[in-house]
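Below you'll find the structure, written out as structure tokens, and then a few comments.
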Amino acid sequence: MSDAAELVDRVEDGEIALHELEAHADADTAATARRQLVADDAETTLDTVGEYAIDAADAEPNIENMIGTVQIPLGVAGPLPVAGERADSETYLPLATTEGALVASVNRGCAVLRAADGANARVTKRAMTRAPVFRVADIVEAEAVVEWVRDNRDALADAAEATTSHGELVDITPYAVGDSVFLRFGYDTKDAMGMNMATIATGEACEVVESETSAELVALSGNLCTDKKPAAINAVEGRGRSVTADVRIPNDVVEERLHATPAAIAELNTRKNLIGSAKAGSLGFNAHAANVVAAAFLATGQDAAQVVEGANAITTVEAREDELYASVSLASLEVGTVGGGTKLPTQSEGLSVLGLRGGGDPPGANADRLAEVIAAGALAGELSLLGALASRHLSSAHAELGR
Ligand SMILES: CC(C)(COP(=O)([O-])OP(=O)([O-])OC[C@H]1O[C@@H](n2cnc3c(N)ncnc32)[C@H](O)[C@@H]1OP(=O)([O-])[O-])[C@@H](O)C(=O)NCCC(=O)NCCSC(=O)C[C@@](C)(O)CC(=O)[O-]
Ligand SMILES: NC(=O)C1=CN([C@@H]2O[C@H](COP(=O)(O)OP(=O)(O)OC[C@H]3O[C@@H](n4cnc5c(N)ncnc54)[C@H](OP(=O)(O)O)[C@@H]3O)[C@@H](O)[C@H]2O)C=CC1
């Protein structure tokens with residue numbers, strides 16, 4: 001094995017490539033050498049990037065060309081009381097962010113939820129999707145392929161499910177556009193976010209489609225999935241988990257903790273989150289669900305790019321006679337408690353704050369619970385920001401806490 005200085009020399013001599021260092025040294029030594037090369041190239045120092053508590057080998061499945069870690073401040077909001085399908089508990093919600101005032105805001109929302117005897121939350125749909133695109137001769141052939149897929153769903157499920165001991169095929173929705181056929185496969189991926197699982201399973205199913213029909217696979221992902229891009233199909237049909245959290249807050253709690261009347265908050269929600277979003281052509285009919293989704297994703301090892309889908313949320317508020325009803329429905333929240341970044345030591349500790357590290361019993365229970373808790377956190381954030389806007393406290397709050 002080589003030491004870091006020797007690796008630096010060998011890269012500079014062109015003997016080995018920057019991405020090949022782990023073949024010649026352990027992961028930490030490789031990262032040290034690479035960091036030195038990058039720092040020299042940029043004429044800077046990367047000492048803080050190189051000070052990390054994890055073993056670089058633990059990150060090998062998650063990163064290539066590693067040079068260190070970026071440290072994001074981690075806070076907690078809560079306790080957050082959420083009654084879900086299987087669990088009714090109050091835990092702290094870990095949030096990793098650089099936006100001052102965000103954790104304070106969600107924390108205030110949690111206090112409102114506690115004073116209201118807690119939020120309810122339910123996962124209403126589970127389907128991680130992958131939609132390959134096939135080439136056919138024309139729309140007549142497209143129709144024949146779609147008919148074959150409808151008649152042979154079991155054969156496709158057998159092929160897909162042979163690749164996984166956890167995933168279950170729950171849906172195949174075909175779409176024909178001219179001489180292109182898209183098949184949107186949906187899977188219950190249990191406690192995994194499931195994008196690798198769904199992709200591998202769909203690859204096997206595509207081989208059956210190609211061998212039994214005239215369709216030729218152009219790409220395993222045809223963008224009707226839709227992964228990591230804003231898309232109405234996710235907002236309408238859902239992706240990953242569709243989840244709603246709601247709460248009924250006594251009027252006096254609203255006025256005391258949010259410094260605004262229920263009527264003012266309801267009017268604000270209509271004019272801002274519904275009318276304003278409609279006029280803007282937004283897919284997100286909410287104030288800042290993405291803030292809580294992003295901070296919770298970073299804290300618990302989710303795929304950060306999928307905050308795009310996590311922002312597909314509708315916030316509703318209704319001022320009733322003696323209470324304020326509020327809800328947040330996230331159509332496409334893609335979360336897991338196994339796989340991906342969830343295994344990394346700090347992210348796995350984030351999951352353990354919620355009692356959700358690893359697989360659930362039954363499988364899927366932990367990821368369901370994570371979705372419920374994030375939805376309730378988003379609800380807390382919505383209530384607090386709506387309160388701050390209705391009471392004209394937003395800019396003063398950020399002047400005080402966010403700069
Ligand atoms: C800042 C507050 C909470 C003050 O709120 P407040 O009611 O004026 O202050 P308070 O001192 O009476 O505290 C109330 C509660 O807030 C929490 N709290 C208060 N301070 C802290 C703190 N330091 N650390 C932790 N928690 C804190 C805590 O729960 C506390 O209760 P207590 O425990 O004292 O009984 C409020 O004004 C607020 O929530 N403002 C909104 C800020 C916000 O939501 N920012 C989110 C980001 S905005 C953005 O990114 C998106 C945007 C706005 O562009 C989207 C859009 O277009 O709408
Ligand atoms: N491939 C792609 O196109 C894309 C990949 N990604 C990346 O994919 C990764 C996430 O994929 P994902 O499939 O979630 O994770 P992994 O690829 O890490 O796979 C997780 C595996 O864990 C096993 N497992 C063990 N216990 C459970 C349980 N209780 N519930 C479910 N599965 C369990 C399953 O094995 P088994 O199947 O054998 O049962 C499952 O396939 C992330 O790193 C993400 O960044 C993101 C976007 C696109």
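The values are calculated or read from the model by the stated rules, or taken from the named source; none is laboratory data. None of the values given here were measured: they were computed from a predicted structure. We place every Cβ from the backbone using ideal geometry, glycine too, and count neighbours over all the protein chains shown.
Observations on the structure shown:
- Condition met for Ala144 (among the small types (Gly, Ala, Ser), away from ligand 1 (no atom under 16 Å from the Cβ) and either at pLDDT below 95 or part of a helix (DSSP H, G or I) (or both)): yes
- Residue in region 234-241 that is at pLDDT 95 or above, within 16 Å of ligand 2 (Cβ to nearest atom) and farther than 22 Å from Val177 by Cα present: yes
- Leu283 surrounded by fewer than 22 Cβ atoms within 10 Å (Cβ to Cβ), under 11 Å from Gly387 (Cβ atoms) and among the hydrophobic types (A, V, I, L, M, F, W, C): no
- Only one entry in Val70, Val76 is within 30 Å of Leu379 (Cβ to Cβ), part of a loop (DSSP other than H, G, I, E, B), under 25 Å from the mean Cα position of the chain (by Cα) and of a type in the set (A, V, I, L, M, F, W, C), namely Val70.
- Counting only strands (runs of 3 or more DSSP E) wholly contained in region 164-262, the ones carrying 3 or more residues that are touching a strand residue (DSSP E or B) at 6+ places or on another chain (Cβ under 9 Å) and closer than 26 Å to Ala378 by Cβ occupy 180-188, 240-250.
- Here the helices (runs of 4 or more DSSP H) wholly within region 291-403 that include at least 1 residues being free of Cβ contacts under 8 Å to residues at least 60 places away in the same chain are 307-310, 345-353, 394-401.
- Residue selected from region 97-150 under the condition charged (D, E, K, R) and within 16 Å of ligand 2 (Cβ to nearest atom), by the criterion farthest from the chain's Cα centre (by Cα): Arg130
- Exactly one residue out of Val8, Val82 is surrounded by 13 or more Cβ atoms within 10 Å (Cβ to Cβ) and not in a strand (DSSP E or B): that is Val8.
- Residues in region 353-391 that are polar (S, T, N, Q), more than 16 Å from ligand 2 (Cβ to nearest atom) and either buried (at least 24 other Cβ atoms within 10 Å of the Cβ) or at pLDDT 95 or above (or both): Ser384 alone.
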